[in-house]
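Below is one structure, written out as structure tokens, with a few remarks after it.
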Amino acid sequence: MRKTTTLTRIALTALISGGLVFASLGTASAAGLTLTPTPTASPSTNAGATTTPPASTYAQQLEAFKVAQAAYQVALAKWKVDFAAWQTSNKAAIDANNAAFQAALGQFEVNQNARKAKRIAIAADLHAAIDKATADFKTAMITAKTADQKLTVSNAFKNAKDAAAAAQKAALDALGPELVRPTKPVFVSTSPAPIKPIQPVAPIKPEKPAVTPKEPKPTKSEDGKKSNPSVSPTSKENSKS
């Protein structure tokens, strides 16, 4: 009887403890408290990572080139029309610009020919002076007998050559600096000329990968050798017996 009473008391105590626990949980919920579970480890993810778009294939590049080429042909045709209209509107000014250049070029050629003729005449005067000095030297050396006379003749010949060279230099310096060929002036219009469109560049076709050569198949003779088994020692002994 006493044992039953003791067991009953123990059971009642356990029930009361459990009730208190459930009561405390209910009180926490009523008070607005939440029990947060321990966070578990999760695999890290990179939300900001971006994938690289795949490179366009040769076929896609070729299609884009065809579209660009068609647009270029349209733009080129329009440029030709616009450029012809620009030339027509500026024809008078362009013709005047070209005429001025042709006149300057013609005058340059006249002056250049005159300068060339003067240089030829200067060179001829030098040769004539040298020839005369040489002839005078030879004539004077015939009559010269003493060393002093020969030295005088030689010095006179040297002085004549130096004078001819100095006269040539003075004549060339008088011509002035070399003439500069005129360049065609750039035409400046009040309205800018249309800009020619740039032609697109075709894509480069990729090279085909190298083909690895296949291994040669064994011949029939090799297959026959491999398929025929060698004669075993026991069969040889049987044949001998």
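Helices (runs of 4 or more DSSP H) fully within the range 140-241 that include at least 3 residues being of a type in the set (Asp, Glu) and at pLDDT below 90: none found.
None of Ile122, Ile94 is in contact with a Leu (Cβ under 7 Å, 6 or more places away or on another chain), part of a helix (DSSP H, G or I) and not acidic (Asp, Glu) except Ile122.
The values are calculated or read from the model by the stated rules, or taken from the named source; none is laboratory data. The structure presented is a predicted model; accordingly, all values stated were derived computationally and were not measured. Neighbour counts run over all protein chains shown; Cβ positions are idealised from the backbone, glycine included.
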